[in-house]
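Just below is one structure, and these are the notes that go with it.
The values are calculated or read from the model by the stated rules, or taken from the named source; none is laboratory data. Predicted model, so just to flag it, every value in this text is computed and none were measured. Cβ placement follows ideal geometry from the backbone for every residue including glycine, while neighbour counts extend to all protein chains displayed.
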Amino acid sequence: MSHVVSVAAIGLLCPAGVGEEGATGGRPGEVPGFRARAYVVNRKNLKLMSRAVKLGVSGIRLALAQVEDWEQVPPERRGMFVGSTPLGGEVGDLSPALHVSSDDKGKVDLQAFATQGYPLIHPLWLVKGLSNNVLGFASAAHNFQGVNGNYCDGAASGANALREGWAAVSEGRADLVVAGAADSLVGLEALIPGHKAGEGSAFFVLRPVENAAPGSVVLRRGEGHLEAEESTLGYLGAAGEVVSLARAAMRGDLPAGLAQHGLYLSLA
Amino acid sequence: MSDSHRGVVVTGLGVLTAFGRGVAPLAEGLRQGQSALAPLTAFAPQGLEIGMAAQVGVPLAIPEGFQDDRKAALALQAAEDAVGGADMSQAGVYLGTGLSSVTPLELYQDAAPYRSKGGFDRQALHRDLSPDHVAPGRHLPERTTALLARSIGANGPQMTSFSACAAGALAIAHATRAIRRGEIDRALAGGMDAMIHPLGVLSFLVLGALSPGTCRPFDRNREGFVIGEGAAMLLLESEELARARGAHILARVLGGGSSVDAHNVTAPHPEGKGAELSMRRAMKEAGLVRVDHVNAHGTGTPLGDRAEAAAIARVLGPEVPVSSIKGAIGHCIAAAGAVEAAACIAALAQGWSPGTAGLEDPEDLGINAQAEPQQDHPQTILSNSFGFGGQNTSLIFGRA
């Protein structure tokens, strides 16, 4: 078992920009000019995706687009590990049903909720709120059938995903893994006192180190450090640590690591 | 550092199901072929096409700061029961969880001030959001993982698996691998869920997944699942460590496999290809070519049971006994994989295999669906858990 895994590509969308542009400069807020339609092939799915899910699916597509031969890896050997946010559902989607079933004093009439509110709820309301929607939609879009995981661990979500992706490749359970995270906190500034809100998506394509060219960036097991970038990008929630790592890798600021998870980037 | 062949064993179990608190009532109920499904009483199902549920009836201690969160109460109770006196200071906590247990009333409290002409004033909500107002805390699953870690004094890694109905099983698989690779020696792993509230029920009703009557896995007349709730936590540790401290070993974790359908976020692959891959991976990891029993995901939905049966037949043949306990304890959603793992462990330890409550007229699906429990002394049981998003997990447990 090799403890070294090569980074074949990184798909990065963050307030600083998309792709390599995202590794330069920085500012809190939205990903500039982000249009999910540019990345999501099945447009019908867009209405079932929150903004965070759209960012995640887009980051994965952006990453894979940089790996010419990824489709040569058998689908069952392609793994996917995603750090995500649990806030996938939209409370507002339930508002019409709540409106017809509650009085002005805040009391909900369950019978009215069932009989009058029920028809007003979108049949796929539950589906729209699933936290593993990045994994669900992206795996279907790119035919990833292999090992997988979806993690909701706050700001550590992306790091957990990256760690499990690294483990899957290093233990030989996958020949290609997409691992990373996405989140969108724009508009939710009041929930994160002391920070400015941002959004972001960063996904690493990981492969066995045997396939890496000399001088490639690799992900190793060991102690490392992480440069916090909240001051330049805003608080990115589930995606924060992995976006920071992606930016470090794309800028060549090596090694940079996920100290609590024992992983760091270096050159092969 | 790493020894991927390190043995992993189960030395503790904490379970809450509709049969009650603890593994004993669950095991006894299943061994007797009973069903804990009962008329829904958690709320009045006025106007809803639902009559049955599998509710946990025992009183729960509500953790401080988790007043709205039934799931957390279930998980905490299960965790404390599982750990016993084991030293958890270096242990990891791996928790599978599902959608928030927010109720319509709570949603109303969050949303009502922002109603606007029958719609919703999103800008006003965002303007007023604060930790003390609209309560996002109750939607955050990782805080329960942290609660469990605090309560048992675990300082190791924490992971919250949010993988729909595969979440509990996947959490166990992750913890097992962390022990195998030597990252940790001991872990608390399992799942929790509590969706027997109007919004939870509505969410599945609008998808057409709930049965208006009872749950009949693999039956010609199956119409869907009955919603359940519960939690199960397993104390996992390296076999070497368990033996050194003289712990009673309940079962061995022989293997785990996962896959994605890559097909549809709600419907299973019609041929069960993802389920097949998940089971094959678990068999390979366990180094087995056969198992003595399959605890199927078996929700009782027409499509799901057919796809899973086809996959089981391809991987293990038509003769292996197959059952689903969802006719007895309902579908515990994110907790299902962990609760059913607990049932498998109890069956292995006591020498029986479960039947399928509700199965009266088996459809010919090419498998050996077992309606009644058997005293057949299984040595190995494979347990399947499949979730929305297409995530599949299979676990294999062996007799200690």
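Things worth noting here:
- If you go through the stretch A:122-145 and pick out every residue that is surrounded by fewer than 24 Cβ atoms within 10 Å (Cβ to Cβ), within 7 Å of chain B (Cβ to nearest Cβ) and at pLDDT 75 or above, you end up with 4.
- Residues of the stretch A:89-113 satisfying the condition of being closer than 19 Å to B:GLU49 by Cα, assigned to a helix (DSSP H, G or I) and at pLDDT 70 or above: A:ALA97, A:SER101, A:GLN111, A:ALA112, A:PHE113
- Here B:GLN67 meets the list (1) farther than 16 Å from B:GLU229 by Cα; (2) within 14 Å of chain A (Cβ to nearest Cβ); (3) surrounded by fewer than 15 Cβ atoms within 10 Å (Cβ to Cβ) almost entirely, failing just condition (2).
- Residue within the stretch A:41-51 that is assigned by TED's automatic domain parsing to the domain that holds A:GLY234, modelled with pLDDT of 95 or more and among the β-branched types (Val, Ile, Thr) present: no
- Pair list, Cβ under 7 Å, 6 or more apart: the stretch A:48-61 residue touching a residue at least 40 places away in the same chain (Cβ under 8 Å) and away from chain B (no Cβ under 14 Å), other residue surrounded by fewer than 24 Cβ atoms within 10 Å (Cβ to Cβ) and part of a helix (DSSP H, G or I): A:SER58/A:ALA36
- Some residue of the stretch B:326-347 being modelled with pLDDT of 95 or more, assigned to a helix (DSSP H, G or I) and acidic (Asp, Glu): yes
- Failed item, numbered, when B:PHE204 is tested on (1) in contact with a strand residue (DSSP E or B) (Cβ under 8 Å, 6 or more places away or on another chain); (2) surrounded by fewer than 23 Cβ atoms within 10 Å (Cβ to Cβ); (3) modelled with pLDDT of 90 or more; (4) within 12 Å of chain A (Cβ to nearest Cβ): (3)
- Number of the condition not met by A:GLY11 [criteria: (1) more than 20 Å from A:SER157 (Cα to Cα); (2) not in a helix (DSSP H, G or I)]: (1)
- If you go through the stretch B:208-243 and keep only what is among the basic types (Lys, Arg) and surrounded by 24 or more Cβ atoms within 10 Å (Cβ to Cβ), you end up with B:ARG216, B:ARG222.
- Those residues of the stretch A:122-142 which are of a type outside the set (A, V, I, L, M, F, W, C) and under 13 Å from A:ARG61 (Cβ atoms), in sequence order: A:SER139, A:HIS142
- Residue, surrounded by the most Cβ atoms within 10 Å (Cβ to Cβ), within the stretch B:161-197, restricted to residues that are in contact with a Ser or Thr (Cβ under 7 Å, 6 or more places away or on another chain), facing another protein chain (nearest Cβ under 10 Å) and part of a helix (DSSP H, G or I): B:ALA167
- Filtered residues of the stretch B:15-32 (kept if of a type in the set (A, V, I, L, M) and in a strand (DSSP E or B)): B:VAL15, B:LEU16
- Positions within the stretch B:10-51 being polar (S, T, N, Q) and either buried (at least 20 other Cβ atoms within 10 Å of the Cβ) or farther than 30 Å from B:ALA349 by Cα (or both), in sequence order: B:THR11, B:THR17, B:SER35, B:THR41, B:GLN46
- Residues within the stretch B:65-87 that are of a type in the set (A, V, I, L, M) and more than 15 Å from the chain's Cα centre (by Cα), tallied: 5
Residues checked against (1) under 26 Å from B:ALA187 (Cα atoms); (2) within 14 Å of another protein chain (Cβ to nearest Cβ); (3) of a type in the set (A, V, I, L, M):
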{"site": "B:GLY47", "(1), (2), (3)": "no, yes, no"}
{"site": "B:GLY57", "(1), (2), (3)": "no, no, no"}
{"site": "B:ASP81", "(1), (2), (3)": "yes, no, no"}
{"site": "B:GLN90", "(1), (2), (3)": "yes, no, no"}
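- When B:GLY366, B:GLY287, B:GLY330 are checked against the criterion of being touching a strand residue (DSSP E or B) at 6+ places or on another chain (Cβ under 8 Å), on the phi > 0 side of the Ramachandran plot and surrounded by fewer than 24 Cβ atoms within 10 Å (Cβ to Cβ), B:GLY287 stands alone in meeting it.
- Selected residue [farther than 30 Å from A:ALA138 by Cα and either in contact (Cβ under 8 Å) with a residue 40 or more places away in the chain or in a loop (DSSP other than H, G, I, E, B) (or both)] from B:ARG290, B:ARG281: B:ARG290
Conditions (1) farther than 30 Å from A:GLY136 by Cα; (2) away from chain A (no Cβ under 14 Å), marked per residue:
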{"residue": "B:GLN350", "(1), (2)": "yes, yes"}
{"residue": "B:ALA357", "(1), (2)": "yes, yes"}
{"residue": "B:PRO362", "(1), (2)": "yes, yes"}
{"residue": "B:ASN384", "(1), (2)": "no, yes"}
{"residue": "B:PHE388", "(1), (2)": "no, no"}
{"residue": "B:SER394", "(1), (2)": "no, no"}
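- Restricting the stretch B:241-275 to residues that are more than 10 Å from every other protein chain (Cβ to nearest Cβ) and charged (D, E, K, R), the residue that is nearest to the chain's Cα centre (by Cα) is B:ARG252.
- Of the residues making up the stretch B:198-230, those that are aromatic (Phe, Trp, Tyr) and assigned to a loop (DSSP other than H, G, I, E, B) number 1.
- Unique residue being within 30 Å of B:VAL93 (Cα to Cα) and within 14 Å of chain A (Cβ to nearest Cβ) when the list is B:HIS297, B:HIS331, B:HIS293: B:HIS331
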